[in-house]
Structures are given as C-alpha cells and as structure tokens.
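Student: Take this structure, written in structure tokens, and hold onto it; I'll ask about it next.
Derivation of every value follows stated rules applied to the coordinates shown; laboratory data play no part. Keep in mind that what you see is a predicted model, and the values were worked out from it rather than measured. Please note: Cβ atoms are built from the backbone with ideal geometry, for glycine as well, and neighbour counts cover all protein chains shown.
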Amino acid sequence: MSALPLSNHYQNAYVTRDLDRALELFRTRYGFDGFNRYEVQFELETRSGRGTAAVKLALGWLDNLQYEIIQPVSGRVDVYREGVSDEHLLRFHHVCMRVHDWERFRAELDQPVILSGGTPGHLQWVYVDARDTLGHYLEYCWMTPQRWEAMGGR
C-alpha cells in the first residue's frame, strides 16, 4: 500500500495538559458536553520498545464524528506529550480511520508504525506519522462489530 487510506474517518483527537479544563472549554465555547471520561493504562509497542502508557481521556460523539481528548499521565506517552503545549490548552493530534480487514491492512502497510496496541481479536490500532504532509498523525483502528457498537459507533 503506497497510499495511506483516509476513508472511514470517524475520530478527531486532541492532546491536553488538563483534561478538566479542556472539557470545560468544549462545554462553554462549543456547547458540547457529551463526553465520557476514562483513566486507562494500556500496553503498546513504540519504536523504542514495548511498555505501558497511562492516560486520562474523554470520548464523545457529535453526529458521526467522535472527539477524543487525551491527557498523557505516565509511561510511554511521549507521542502524546510532545504535542502538549503550555501556550494552548488543546492541540490537534490525530484523526482515526476504521479498518475493516486488519490482517490485510497490516500486510499492505508499508509506512513506519509509530505506536501500536490493542487486544488481538477485539480491538487493534496503529499510528502512522503524517506530520510532514498533513501536520498530524493518522491512526488506524480495527474492532469487532460488538466493540464498535459498545463505543457508540454509528
């Protein structure tokens, strides 16, 4: 696959240094208060090795687009932390595209993977660096139909 697919885009993601303040900004400035909050730890693979990342995050759907806000906490969170700014509460980080055939996608992906993680057979994801052309990362995510429905996918 020489061209990275942009179809099935369902998510815009931002990083922040303060999740509470970021959610308040979405509520007061943009009139959106439909986020679910989580504090999660997950295993991931980075170019520098395998490890655990801990983040606070919020996910919310507005029509057919999911917004994700990530506050890096600890562990292998460099890819998120590098986008956090003291000058700006929120920084755009990545878009996510849903992949329907994970094995085929991974077999054809010829770009370096920055991060990967998930639970095989349930949900899997990778990040590709497109900052040189698009200014942000691209995330590709596969999940079971049950997982898609449980997270509110439309």
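Student: Please list, in chain and number order, the residues 5+ apart from W61 or on another chain whose amide H is under 5 Å from its amide H, with Hs placed from the backbone.
Tutor: Hits under the 5 Å cutoff: Y67.
Student: To one decimal place, what Kirkwood hydrodynamic radius in Å is obtained for region 27-81 from all pairs of distinct Cα atoms?
Tutor: Values: mean 1/r = 0.0797 Å⁻¹.
Evaluated over region 27-81, this radius sits at 12.5 Å.
Student: Right, something else. Could you please rank M143, M151, M97, placing first whichever residue has the fewest other Cβ atoms within 10 Å of its Cβ?
Tutor: If I rank by nearby Cβ atoms, fewest first, I get M151, M97, M143.
Student: Here is a follow-up. Specify, per residue and in Å³, the volume enclosed by the convex hull of the alpha carbon atoms belonging to region 45-112.
Tutor: Details: hull volume 8.9 nm³, N = 68.
It comes to 130 Å³ per residue, whole-number rounded.
Student: Long-range amide H contacts for A130: which residues qualify at under 5 Å (H placed 1.01 Å from N, peptide plane, sequence gap of 5 or more or a different chain)?
Tutor: It is H136, Y137, L138, by chain and number.
Student: Quick one: if the Förster radius is 22 Å, what FRET efficiency do R154 and L4 give, using the C-beta to C-beta distance and rounding to 0.05?
Tutor: Working: r = 24 Å, r/R0 = 1.07.
Given R0 = 22 Å and the Cβ-Cβ separation, E is 0.40.
Student: Let me ask something else. Please compute the Cα-Cα pair-distance distribution of region 77-150 with 5 Å bins starting at 0, giving whole percents from short to long.
Tutor: Result, from short to long distances: 3, 14, 23, 22, 16, 13, 6, 2, 0 percent.
Student: Still on this structure, please answer the following. Run the numbers on region 9-150 and let me know its relative contact order in percent, using alpha-carbon pairs under 8 Å that are six or more apart. Could the numbers behind the result be given before it?
Tutor: Details: 292 pairs, mean separation 36.1, N = 142.
Relative CO of region 9-150 lands at 25 percent.
Student: So what's the back-of-envelope 222 nm ellipticity for the chain, counting only DSSP H runs of four-plus at -39500 (n - 2.57) apiece and dividing by all residues, rounded to 500?
Tutor: On the way: 4 runs with 29 residues, N = 154.
Theoretical 222 nm ellipticity from helices: -5000 deg cm²/dmol.
Student: Taking the Cα centre of the chain as the origin, how large is its charge dipole in debye, to the nearest 20, when only Lys and Arg (+1) and Asp and Glu (-1) carry charge on their Cβ atoms? Intermediate results must be reported in sequence, preceding the final value.
Tutor: On the way: 17 positive and 21 negative charges, 36 e Å.
It works out to roughly 180 debye.
Student: Please give the length that would be gained between S85 and L62 if that part of the chain were fully extended, namely 0.36 nm times their separation in residues minus their C-alpha to C-alpha distance (nm, one decimal). If you can, show how the numbers build up before the last one.
Tutor: Numbers: separation 23, 0.36 × 23 = 8.28 nm, distance 2.54 nm.
Result for the pair: 5.7 nm of gain on full extension.
Student: To the nearest 0.05, what FRET efficiency results for E103 and E39 with a Förster distance of 30 Å applied to their C-beta separation? Each step should come with its number before you reach the end.
Tutor: Values: r = 31 Å, r/R0 = 1.05.
For E103 and E39, the calculated efficiency is 0.45.
Student: If you project the alpha carbons of region 9-150 onto their three principal axes, what span does each projection cover, largest first, in Å?
Tutor: 44, 33, 30
Student: Still on this model: In whole Hz, with x marking every Gly and Pro, tabulate ³J(HN,Hα) for region 4-14 from phi via Karplus 6.51 cos²θ - 1.76 cosθ + 1.60, θ = phi - 60°.
Tutor: 7, x, 10, 6, 6, 5, 10, 9, 10, 10, 10
Student: Quick one: Debye curve from the alpha-carbon atoms of region 108-154 only, equal weights, vacuum; give me log10 I(q)/I(0) at q = 0.17, 0.20, 0.22 Å⁻¹ to two decimals.
Tutor: One equal scatterer on each Cα of region 108-154 leads to -0.58, -0.73, -0.82.
Student: Calculate the length of the line joining the C-alpha centroid of region 42-65 to that of region 87-154, in whole Å.
Tutor: Going from one Cα centre to the other spans 10 Å.
Student: From the phi angles alone, apply the Karplus equation (6.51, -1.76, 1.60; θ = phi - 60°) to region 60-77 and give each ³J(HN,Hα) in whole Hz, x where the residue is Gly or Pro.
Tutor: x, 9, 10, 6, 9, 10, 9, 9, 10, 10, 10, 10, x, 10, 7, x, 7, 10
Student: List, in order, the whole-Hz ³J(HN,Hα) value for each residue of region 24-38 obtained from phi through the Karplus relation with A = 6.51, B = -1.76, C = 1.60 and θ = phi - 60°; use x for Gly and Pro.
Tutor: 5, 4, 4, 5, 7, 8, 10, x, 10, 10, x, 8, 9, 9, 9
Student: What residues qualify as long-range amide H neighbours of R17, i.e. H under 5 Å apart, gap of 5 or more or another chain, H built at 1.01 Å from N?
Tutor: For R17, the qualifying residues are S85.
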